[in-house]
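Enquirer: Supplied in structure tokens, the structure appears directly below.
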Amino acid sequence: MTLRKFAGLGALLSIVMPGLAMAADEVAAPVLNSGDTAWMLTSTALVLFMTIPGLALFYGGMVRSKNILSVLMQCFAITGLISILWVIYGYSIAFDTTGMEQGVVNFNSFFGGMGKAFLAGVTPSSITGPAALFPEAVFITFQMTFAIITPALIVGAFAERMKFSAMLIFMGIWFTLVYAPIAHMVWSGNGGLMWDWGVLDFAGGTVVHINAGVAGLIACLVLGKRKGFPTTPMAPHNLGYTLMGAAMLWVGWFGFNAGSAAAANGTAGMAMLVTQIATAAAALGWMFAEWVTHGKPSALGIASGVVAGLVAITPAAGTVGPMGALVIGLAAGVVCFFCATTLKRKLGYDDSLDAFGVHGIGGILGAILTGVFAAPALGGFGTVTDIGAQVWIQIKGVGFTVIYTAIVTYVILKVLDAVMGLRVTEEEESVGLDLAQHNERGYNL
């Protein structure tokens with residue numbers, strides 16, 4: 001009787017267990033979330049909109065009329081170039097986690113593997129995300145738009161004087177040796193150098209803005225000043241374009257910051273709110289600082305303040321609360337105003353469109369203040385319990401990025417200068433890059 005019972009139980013288990021295993025597999029299988037997917041698709045389009053046409057118009061309006069097409073062309077060419085490099089190897093360098101182990105520093109802590117080169121293994125059914133809720137193809141494209149805008153930001157530092165051919169080669173090499181590795185160190189997960197340090201960078205304060213701002217500073221120093229700077233007037237030729245570009249950046253930045261939640265959830269909603277608060281505060285902070293200092297508020301000033309606020313809130317968007325965002329925005333507006341005007345004049349470098357003064361300084365300020373206002377004790381939503389310790393971690397991340405980016409950027413530029421030359425001739429600079437480099441005019445009257 002007992003043996004029969006066990007035999008019957010065995011028969012029952014042989015029938016039930018495969019079904020239970022199949023049910024467990026079904027439960028464990030990742031399921032695409034259409035809401036998250038829709039938000040990430042929208043965010044991706046918004047971030048691309050930041051570069052073309054947003055940044056292109058923002059920068060294009062600030063140069064002289066003889067150089068507007070050169071700036072627009074650079075933004076469009078960078079968009080094409082980085083898109084292809086991202087597909088071939090950039091995504092793999094940034095996000096392939098082969099060989100990474102938490103707490104272990106090795107080559108893969110700095111540089112991702114090549115397992116995802118040429119997007120190997122990516123299919124329409126590939127799913128990714130924090131909870132595996134949206135297509136990997138969407139994540140790839142979303143991160144591609146970040147990789148596009150970062151080198152495009154550097155254009156503002158050397159506008160009106162770099163050869164188009166040299167610019168293309170520089171951007172390709174810089175993307176490979178600077179952007180993709182920094183993105184890997186900060187965002188790739190356990191085993192990434194700055195990830196393991198605990199650096200907080202929600203949407204790219206370190207990866208995008210400090211990175212681009214420092215590279216821009218090095219570029220303008222290596223190339224030298226524009227012909228006639230600072231004695232020759234070089235006023236923006238169309239501030240209407242600049243204001244329209246700033247407006248597009250403001251709107252697109254919601255995809256940049258809220259999209260970095262990688263889901264349609266409460267974090268995305270709070271990121272959107274704090275982005276709006278910080279941007280508005282920085283616009284007013286820059287405007288009033290300029291008003292007090294120079295006697296009148298300017299359209300260029302408020303547009304620059306908008307971008308400064310967007311930059312500074314970027315690393316903090318997923319962890320700070322509304323009042324922290326207000327402080328970060330006000331600080332960014334005032335500090336970036338003085339760095340882009342007084343500091344630049346005192347040091348004498350020709351950062352044409354203030355890429356370092358706005359993105360470099362704003363990114364550094366935002367990254368450090370993230371360590372302060374991410375603390376729940378100050379209204380944040382992060383896990384920071386020791387503000388001093390987190391601020392030190394943020395400073396370490398800033399310092400490493402500044403040093404790494406500065407050194408590698410300098411080496412790339414000096415090698416290219418020796419091999420092919422970086423600058424246009426004085427005659428070409430006088431004529432303008434539109435005609436000299438592209439045989440076109442922005443305006444045919």
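Enquirer: What spacing in nm lies between the two simple spin-label points modelled at residue 239 and residue 273, each 7 Å away from Cα in the Cβ direction?
Expert: 3.5
Enquirer: Report, by chain and number, residues whose modeled amide H sits under 5 Å from the one on residue 128, excluding near sequence neighbours (fewer than 5 apart, same chain).
Expert: Amide H to amide H, under 5 Å and 5 or more residues apart or across chains, residue 128 pairs with 133, 134, 136.
Enquirer: Going highest first, how would you order 302-309, 267-274 by mean Cβ packing within 10 Å?
Expert: Values: 302-309: 28.5, 267-274: 20.8.
Top to bottom by mean Cβ count within 10 Å: 302-309, 267-274.
Enquirer: Let me check something: with ligands and nucleic acids excluded, how do 73, 323 order by accessible area (1.4 Å probe), largest to smallest? Please report the intermediate quantities before stating the final value.
Expert: On the way: 73 80, 323 125 Å².
Correct descending sequence by accessible area is 323, 73.
Enquirer: Continuing with the same structure: Could you calculate the contour length gain from residue 247 to residue 392, that is, 0.36 nm times the residue separation minus the distance between their Cα atoms, to one decimal place in nm? Kindly include the intermediate steps, with their values, before the conclusion.
Expert: Working: separation 145, 0.36 × 145 = 52.20 nm, distance 3.44 nm.
Once the chain is fully extended between residue 247 and residue 392, it gains 48.8 nm.
Enquirer: Which residues among region 156-177 fall inside the zone where the amide N is under 18 Å from a point 7 Å beyond the Cα of residue 84, along Cα→Cβ?
Expert: 164-177
Enquirer: Which shape class, rounded, prolate or oblate, goes with region 90-137 when its Cα gyration tensor gives a ≥ b ≥ c as root eigenvalues, a/c under 1.5 marks rounded, and past that a/b bigger than b/c marks prolate? Present the calculation step by step, with values, prior to reporting the outcome.
Expert: Numbers: a/c = 3.22, a/b = 1.63, b/c = 1.97.
Oblate.
Enquirer: Please say if region 211-369 is rounded, prolate or oblate, where rounded means a/c under 1.5 for a ≥ b ≥ c the square roots of the C-alpha gyration tensor eigenvalues, and otherwise the choice is prolate for a/b larger than b/c and oblate otherwise?
Expert: Note, shape of region 211-369 comes out prolate.
Enquirer: Within region 357-373, name every residue whose backbone N is under 17 Å away from a label modeled 7 Å from Cα of residue 298 along the Cβ vector.
Expert: Answer for this model: 357-359.
Enquirer: So how far apart, in nm, are the two label points at residue 417 and residue 343 if each is 7 Å from Cα heading toward Cβ?
Expert: So the label points at residue 417 and residue 343 sit 2.3 nm apart.
Enquirer: Working from Cα positions, state the angle (0 to 90°, nearest 10) between the long axis of helix 136-158 and the longest principal axis of the chain.
Expert: It works out to around 20 degrees.
Enquirer: Further, regarding this structure: For the modelled label position 7 Å from the Cα of residue 441 along Cα-to-Cβ, which residues of region 225-262 have backbone nitrogen atoms closer than 18 Å?
Expert: Taking a point 7 Å out along Cα→Cβ of residue 441, the residues of region 225-262 whose backbone N falls under 18 Å are 237-238.
Enquirer: On to the next question. Work out, in µm²/s and without decimals, the Stokes-Einstein translational diffusion coefficient of the chain at 10 °C, 1.306 mPa s, Rh from Kirkwood over C-alpha pairs.
Expert: Diffusion coefficient, whole number: 70 µm²/s.
Enquirer: Which whole-number percent gives the relative contact order of the chain, counting Cα pairs below 8 Å spaced six or more residues apart? Kindly include the intermediate steps, with their values, before the conclusion.
Expert: Numbers: 866 pairs, mean separation 96.6, N = 445.
About 22 percent, as a whole number.
Enquirer: Given the whole protein assembly as supplied and a 1.4 Å probe, what does the accessible area of residue 387 come to in Å², nearest 10?
Expert: 50
Enquirer: Heavy atoms only, probe 1.4 Å: what % of the accessible area of the chain goes to carbon and sulfur, would you let me know?
Expert: Values: 12650 of 17980 Å².
The C+S portion of the solvent-accessible surface of the chain is 70 percent.
Enquirer: How large is the dipole of region 55-177 about the Cα centre if only Lys and Arg carry +1 and Asp and Glu carry -1, each at its Cβ, rounded to the nearest 20 debye? Intermediate values should be presented prior to the final figure.
Expert: On the way: 5 positive and 4 negative charges, 114 e Å.
Charge dipole of region 55-177: 540 debye, to the nearest 20.
Enquirer: What's the extension gain from residue 176 to residue 45 if we count 0.36 nm per residue and subtract their Cα-Cα distance? Walk me through the numbers before you get to the answer.
Expert: Values: separation 131, 0.36 × 131 = 47.16 nm, distance 2.37 nm.
Here the segment from residue 176 to residue 45 would lengthen by 44.8 nm.
Enquirer: Give the ranking of 64, 161, 226 by solvent-accessible surface, highest area first, calculated with a 1.4 Å probe.
Expert: Numbers: 64 45, 161 0, 226 20 Å².
Most to least solvent-accessible, the answer reads 64, 226, 161.
Enquirer: Mind checking which of 46, 133, 55 has the largest fluctuation in a GNM of the chain, springs on alpha carbons under 10 Å?
Expert: Residue with maximal mean-square fluctuation among 46, 133, 55: 133.
Enquirer: Using a simple spin-label model with points 7 Å from Cα along the Cα→Cβ vector, what separation in nm is obtained for residue 427 and residue 227?
Expert: 1.0
Enquirer: In whole Hz, with x marking every Gly and Pro, tabulate ³J(HN,Hα) for region 264-270 from phi via Karplus 6.51 cos²θ - 1.76 cosθ + 1.60, θ = phi - 60°.
Expert: Values, residue by residue: 8, 9, x, 5, 5, x, 5 Hz.
Enquirer: Could you put 83, 430, 92, 125 in order of accessible surface area, largest first, with the 1.4 Å probe and the full protein assembly present? Mind showing how you got there, number by number?
Expert: Details: 83 25, 430 55, 92 0, 125 90 Å².
From most exposed to least exposed: 125, 430, 83, 92.
Enquirer: Further, regarding this structure: Divide by every residue of the chain the summed helix terms, -39500 (n - 2.57) for each DSSP H run of at least 4, and state the resulting mean residue ellipticity at 222 nm, rounded to the nearest 500 deg cm²/dmol.
Expert: Details: 20 runs with 278 residues, N = 445.
After summing the helix terms and dividing by the residues of the chain, the value is -20000 deg cm²/dmol.
Enquirer: Based on Cβ point charges of +1 for Lys and Arg and -1 for Asp and Glu, what charge dipole magnitude is obtained for the chain about its Cα centre, in debye rounded to the nearest 20?
Expert: Numbers: 18 positive and 21 negative charges, 85 e Å.
The calculation lands at about 420 debye.
Enquirer: Collect residues whose amide H, placed 1.01 Å from N in the peptide plane, falls under 5 Å from the amide H of residue 423; neighbours closer than 5 in sequence don't count.
Expert: Answer set, sorted by chain and number: 163.
Enquirer: For the chain, with the dipole built from +1 on Lys and Arg beta-carbon atoms and -1 on Asp and Glu ones, taken about the Cα centre, which of 297, 40, 119 lies farthest toward the positive end?
Expert: With unit charges placed on the Cβ atoms, the residue in question is 297.
Enquirer: Projecting each Cα onto the charge dipole of the chain (Lys/Arg +1, Asp/Glu -1 at the beta carbon, about the Cα centre), which of 381, 273, 366 comes out farthest on the positive side?
Expert: The listed residue farthest towards the positive side: 366.
Enquirer: What ³J(HN,Hα) values, in whole Hz, does the Karplus curve 6.51 cos²θ - 1.76 cosθ + 1.60 give for region 330-336 when θ = phi - 60°, with x put for Gly and Pro?
Expert: Values, residue by residue: 4, 4, 5, x, 6, 5, 5 Hz.
Enquirer: Just check region 176-294 against the gyration tensor rule for me: Cα atoms, a ≥ b ≥ c as the square roots of the eigenvalues, rounded for a/c under 1.5, and otherwise prolate or oblate depending on whether a/b exceeds b/c. Provide the component values of the computation, followed by the final result.
Expert: On the way: a/c = 2.43, a/b = 1.32, b/c = 1.84.
Taking the square roots of the gyration eigenvalues as a ≥ b ≥ c, region 176-294 is oblate.
Enquirer: Next question, about the same structure. Which whole-Hz ³J(HN,Hα) couplings does region 33-43 yield from phi under the Karplus relation 6.51 cos²θ - 1.76 cosθ + 1.60, θ = phi - 60°, glycine and proline marked x?
Expert: Once rounded to whole Hz, the list reads 9, 5, x, 4, 4, 4, 5, 5, 4, 5, 4.
Enquirer: At 0.36 nm per residue, minus the direct Cα-Cα distance, what do residue 125 and residue 32 gain on full extension? Give it in nm, one decimal, please. The partial results should precede the final answer.
Expert: Details: separation 93, 0.36 × 93 = 33.48 nm, distance 0.91 nm.
Going from the current span to full extension adds 32.6 nm.
Enquirer: Filter the GluC sites (Glu not before Pro) in region 381-445 to those in DSSP coil with at most 14 other Cβ atoms within 10 Å of their Cβ, and list the result.
Expert: In loop regions of region 381-445 (DSSP not H, G, I, E or B), the sparsely surrounded GluC sites (Glu not before Pro) are 440.
Enquirer: Something else about it: State in Å² the accessible area per residue of the chain; use a 1.4 Å probe, count heavy atoms of protein chains only, and round to the nearest integer. Working shown, then result.
Expert: Numbers: 17980 Å² over 445 residues.
Using a 1.4 Å probe on heavy atoms only, each residue of the chain averages 40 Å².
The values are calculated or read from the model by the stated rules, or taken from the named source; none is laboratory data. Every value quoted in this text rests on a predicted model; they were computed, and no experiment measured them. Quick reminder, even Gly has a Cβ in these numbers, built from the backbone with ideal geometry, and neighbours come from all protein chains shown. The accessibility values were calculated without ligands, DNA or RNA, using every heavy atom of the protein model including side chains. Shrake-Rupley method; radii C 1.70, N 1.55, O 1.52, S 1.80 Å.
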